[in-house]
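Step one of this worksheet: look at the structure below.
Derivation of every value follows stated rules applied to the coordinates shown; laboratory data play no part. Just so you know, these numbers come straight off a predicted model, no measurement behind them. Backbone-built Cβ (ideal geometry, glycine too); neighbour counts: all protein chains shown.
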């Protein structure tokens with residue numbers, strides 16, 4: 001199982017002085033939504049949500065000419081069609097007329113709707129997500145995303161400095177500066193350097209912060225800027241020398257009265273009749289073919305042999321997955337809103353140097369027994385076939 005670590009829009013970034021998308025509404029929303037992705041994503045990441053992917057992507061596109069201009073239509077895909085969770089948002093032209101803070105508020109509505117719509121199928125806590133949304137709004141009332149590096153002491157031990165960054169501008173890019181204060185004086189108001197252009201994400205901020213150094217009494221940092229910036233910018237600050245100081249961003253209230261509502265449609269492949277679906281497994285690095293070949297063969301045969309047995313459950317779909325991870329081997333069964341997931345977890349080293357076919361048979365039988373117990377179904381005796389296909393190579 002992956003842990004959700006990013007929630008973001010596509011297009012994710014682009015040129016600072018060129019459109020990210022040919023539609024002005026999509027271009028502006030993607031830029032305003034950059035900081036919202038960071039603010040909201042920070043709170044969602046903290047929840048440690050487990051699912052089939054570590055990333056939720058919301059793809060932005062222009063609304064159709066005949067669509068309702070007063071709403072944003074969102075389609076959330078319950079089935080994982082690739083390596084990331086997917087939603088699509090259709091953006092009407094009127095979004096271009098909103099100011100950047102209103103567009104940021106709309107971006108939050110879209111991201112929140114996408115994640116919370118996925119929640120029932122992924123087994124995520126609705127209450128926890130609601131608290132994460134509230135925390136995002138409270139921590140950044142005007143959707144200013146800021147991040148600071150740890151303090152680093154000067155050689156003299158009199159001062160300490162850190163890199164400071166924020167995403168606030170409507171162009172979607174960040175700004176960077178250095179802050180310094182007397183060492184260990186947490187109540188002191190930091191002095192600040194001039195501002196330099198920075199990149200669009202906190203990962204870019206961290207990259208810049210790693211370059212923070214003291215050169216005598218001067219703190220220096222390299223700010224890696226936007227695409228097309230030919231040279232990174234060196235930021236310098238001598239906290240003992242008078243000079244211009246950058247002001248921190250000041251959040252302001254957002255008037256959301258003009259922000260359009262969002263309407264969500266869910267698409268998925270939940271069948272109309274009882275179905276067992278084996279979706280595959282991975283990653284295969286180091287997995288013995290003598291185990292993976294019979295395992296996959298047995299789970300494919302379960303789809304047909306278990307159909308009548310599964311018809312007695314109160315969910316239409318049983319989805320079976322295999323994860324080869326470093327976790328302790330075992331079987332997990334999760335009962336979701338419209339389906340049940342059953343997962344075989346096994347560390348790759350445990351598949352080597354053993355009777356692979358016997359181990360695969362035992363894992364499949366254990367999975368079926370656990371599903372039966374969880375769903376109140378009778379035992380199922382499987383007629384597992386002899387494996388006729390050639391063994392997959394190790395690590396396939």
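For the pair residue 380 and residue 10, what calculated FRET efficiency results from E = 1/(1 + (r/R0)^6), where r is the Cβ-Cβ distance and R0 = 56 Å, to the nearest 0.05?
0.85
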Hey, what number do you get for the chain at 222 nm if only DSSP H runs of n ≥ 4 count, each worth -39500 (n - 2.57), divided across all residues, to the nearest 500? -9000 deg cm²/dmol
Using a simple spin-label model with points 7 Å from Cα along the Cα→Cβ vector, what separation in nm is obtained for residue 370 and residue 236? 6.1
So how tilted is helix 100-122 from the main axis of the chain? Cα-based, degrees 0 to 90, rounded to 10. 20
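With a cut-off of 8 Å between alpha carbons and a minimum separation of six or more residues, what is the relative contact order of the range 80-168 in percent?
About 18 percent, as a whole number.
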Taking Cα pairs closer than 8 Å and at least 6 residues apart, the relative contact order of the chain in percent is 14
Label 7 Å along Cα→Cβ of residue 84; the range 191-212 residues with amide nitrogen under 17 Å? 200-204
Pop the C-beta distance of residue 187 and residue 157 into the FRET formula with R0 = 22 Å and round what comes out to the nearest 0.05. 0.75
When DSSP beta bridges are limited to those with both residues in the chain, what percentage is antiparallel, rounded to the nearest 5? 55
For helix 126-139, what angle does its Cα long axis make with the longest principal axis of the chain, in degrees from 0 to 90 and rounded to 10? 10
Taking a spot 7 Å from the Cα of residue 262 along the direction of its beta carbon, which residues of the range 48-71 have an amide N less than 12 Å from it? 57-60
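Run the numbers on the range 89-240 and let me know its relative contact order in percent, using alpha-carbon pairs under 8 Å that are six or more apart.
Worked out over the range 89-240, it gives 16 percent.
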For volume of the Cα convex hull per residue in Å³, which listed value, [x] 194; [y] 124; [z] 150, comes from the coordinates shown? [x]
Candidates 134, 362, 87: whichever shows maximal mean-square fluctuation once the chain is modelled as a Gaussian network with Cα springs under 10 Å: 362
Rounded to 10°, Cα long-axis angle of helix 356-375 versus longest principal axis of the chain: 80
